[in-house]
Amino acid sequence: MEAKNAIAALAALAQTTRLETFRLLVKAEPDGIPAGELARLMDIPQNTMSAHLATLARAGIVKSERQSRSIIYRADLEGFRELTLFLLKDCCGGNAELCAPLIADLTPCCVPGSSQSCAN
């Protein structure tokens, strides 16, 4: 990821409604949420929600798919993963011991169907 893309993604998330919308979409994975339902859940006008979703999509952290007459929005987890990796690329100057607690917090634990085991 290039710095300009990271800046666009971070700028898109630096607004309350867009941040809350993105977090809601992450919770709704993998099903996504129709645009109208997002507007209703966030209690904002549909045209305002459309503008926020367009900003998030241009930033590469939200994607959409037309299903019949609805547009379903989903968090672009790959785009968000790239942003996270960009931010952590030079974590702790390459000192793995210092980065371990941060990475452990980012690693899913006890995911159904996963071969990972939890220490807890």
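The values are calculated or read from the model by the stated rules, or taken from the named source; none is laboratory data. Just so it is clear, the model here is predicted, and its values are computed rather than measured. All Cβ positions, glycine included, derive from the backbone under ideal geometry; neighbour counts span all protein chains shown.
Find the residue count for the stretch 77-90, including only residues that are touching a residue at least 12 places away in the same chain (Cβ under 8 Å), over 17 Å from residue 20 (Cβ atoms) and not β-branched (Val, Ile, Thr).
Selection size over the stretch 77-90: 8.
Quick one: how many residues across the stretch 103-120 are of a type in the set (A, V, I, L, M) and either at pLDDT 70 or above or more than 20 Å from the chain's Cα centre (by Cα) (or both)?
The qualifying residues number 2.
Among the residues of the stretch 58-76, how many are surrounded by 15 or more Cβ atoms within 10 Å (Cβ to Cβ) and touching a residue at least 40 places away in the same chain (Cβ under 8 Å)?
Looking only at that region, the number is 8.
For residue 97, indicate whether it is more than 13 Å from the chain's Cα centre (by Cα) and assigned to a strand (DSSP E or B).
No.
Is it the case, given these coordinates, that residue 70 is modelled with pLDDT of 75 or more and among the hydroxyl-bearing types (Ser, Thr, Tyr)?
yes
Please count how many residues of the stretch 21-36 are assigned to a helix (DSSP H, G or I) and more than 18 Å from residue 8 (Cα to Cα).
Number satisfying all stated conditions: 6.
Given the options 8, 39, name the one that is in a helix (DSSP H, G or I) and either surrounded by fewer than 15 Cβ atoms within 10 Å (Cβ to Cβ) or in contact (Cβ under 8 Å) with a residue 40 or more places away in the chain (or both). Steps first, please.
Working: 39 fails: either surrounded by fewer than 15 Cβ atoms within 10 Å (Cβ to Cβ) or in contact (Cβ under 8 Å) with a residue 40 or more places away in the chain (or both).
From the options 8, 39, the qualifying one is 8.
So in the stretch 77-96, with the set limited to residues that are at pLDDT below 75 and exposed (fewer than 12 other Cβ atoms within 10 Å of the Cβ), which one is nearest to residue 60 (Cα to Cα)?
It comes out as 90.
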